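These notes concern the structure reproduced below.
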Amino acid sequence: MTPTEVKRLLEHCTNQKHLSILQLLYGCGLRVSEVVALKIEDIDSDAMRILIRDPKGKKDRVVPLPRLLLHNLRLYYRAYRPKKFLFEGQTGGVYSVKSIQNFIKKYASNAQLTKRVFPHMLRHSYATHQLENGVNIRYVQTLLGHKSIKTTELYTHVAEISKGNILSPLDQL
């Protein structure tokens, strides 16, 4: 997705929980399985980071917490008051991946996006946009939790940039 398409998708999201999930998928490059597994204590607002526990590669990692996402997570938390998982279903417990797939499809349609949009596409867009913004491929590899640089290289070629200058593409919308 282009940054403009991502922005349109986010602008057509009318639900605070859904918006927070979309922003995690795109703003942090998370897998949908990582989003639904997040617990409240995984969000460190003081250090502006998120702990991703037991991801696909089985190696915990930390990703930066975009300021816009923190703001929306606070609004979400006040409205929903989750107990254990950051995002819980209507009867508690882990939020449904299928629900995420469904609301993304709905918002993509509302935004009149012509391509089929799914959760992992937001992760791909995050990686691509980071690389296009000059973020070092090794840093993107770490953020995505890829064991092999070859997996990350599928996105594009990159130029060097210092880690201190890296912003989430969400904060650049």
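The values are calculated or read from the model by the stated rules, or taken from the named source; none is laboratory data. The shown structure was predicted, so the numbers you read here are calculated from the model rather than taken from an experiment. Positions of Cβ are generated from backbone atoms using ideal geometry, with glycine treated the same way; all protein chains shown enter the neighbour counts. To get the accessible areas, we keep the full protein, side chains included, count just its heavy atoms, and leave off ligands, DNA and RNA. Shrake-Rupley method; radii C 1.70, N 1.55, O 1.52, S 1.80 Å.
Step by step: first the residues of the stretch 133-153, then only those that are open to solvent by 50 Å² or more (accessible area, probe 1.4 Å) and either modelled with pLDDT under 85 or touching a Gly at 6+ places or on another chain (Cβ under 8 Å) (or both), then the one that is nearest to Glu34 (Cα to Cα). Which residue is that?
Lys147
What are the residue pairs meeting all of these: first residue in the stretch 13-30, first residue touching a residue at least 12 places away in the same chain (Cβ under 8 Å) and of a type in the set (Val, Ile, Thr), second residue open to solvent by less than 10 Å² (accessible area, probe 1.4 Å) and not in a helix (DSSP H, G or I), Cβ atoms under 9 Å, and 6 or more apart or on different chains?
Ile21/Phe87
Among the residues of the stretch 98-156, what is the count of those that are within 22 Å of Glu88 (Cβ to Cβ) and of a type in the set (S, T, N, Q)?
Adding up the residues that qualify gives 3.
Counting only residues that are part of a loop (DSSP other than H, G, I, E, B) and in contact (Cβ under 8 Å) with a residue 24 or more places away in the chain, which one in the stretch 31-56 is surrounded by the fewest Cβ atoms within 10 Å (Cβ to Cβ)? Walk me through it before giving the result.
Taking the stretch 31-56 and keeping what is part of a loop (DSSP other than H, G, I, E, B), we get 31, 38, 45-48, 53-56.
Now narrow it down to the ones that are in contact (Cβ under 8 Å) with a residue 24 or more places away in the chain: 31, 38, 45, 55-56.
Values: Arg31: 19, Leu38: 22, Ser45: 11, Pro55: 16, Lys56: 13.
Among those that are part of a loop (DSSP other than H, G, I, E, B) and in contact (Cβ under 8 Å) with a residue 24 or more places away in the chain, it is Ser45.
Report yes if some residue within the stretch 60-80 is among the basic types (Lys, Arg), open to solvent by 50 Å² or more (accessible area, probe 1.4 Å) and in contact with a strand residue (DSSP E or B) (Cβ under 9 Å, 6 or more places away or on another chain); otherwise report no. Even if it seems obvious, please write down each step before you answer.
Residues of the stretch 60-80 among the basic types (Lys, Arg): 61, 67, 74, 78.
Next, only the ones that are open to solvent by 50 Å² or more (accessible area, probe 1.4 Å) stay: 67, 74, 78.
With in contact with a strand residue (DSSP E or B) (Cβ under 9 Å, 6 or more places away or on another chain) added as a condition, the list becomes none.
No; the residues of the stretch 60-80 include none that is among the basic types (Lys, Arg), open to solvent by 50 Å² or more (accessible area, probe 1.4 Å) and in contact with a strand residue (DSSP E or B) (Cβ under 9 Å, 6 or more places away or on another chain).
Could you tell me which numbered condition Gly93 fails, if it satisfies all but one of (1) over 15 Å from Ile40 (Cβ atoms); (2) open to solvent by less than 80 Å² (accessible area, probe 1.4 Å)?
Tallying (1) over 15 Å from Ile40 (Cβ atoms); (2) open to solvent by less than 80 Å² (accessible area, probe 1.4 Å), Gly93 fails exactly one: (1).
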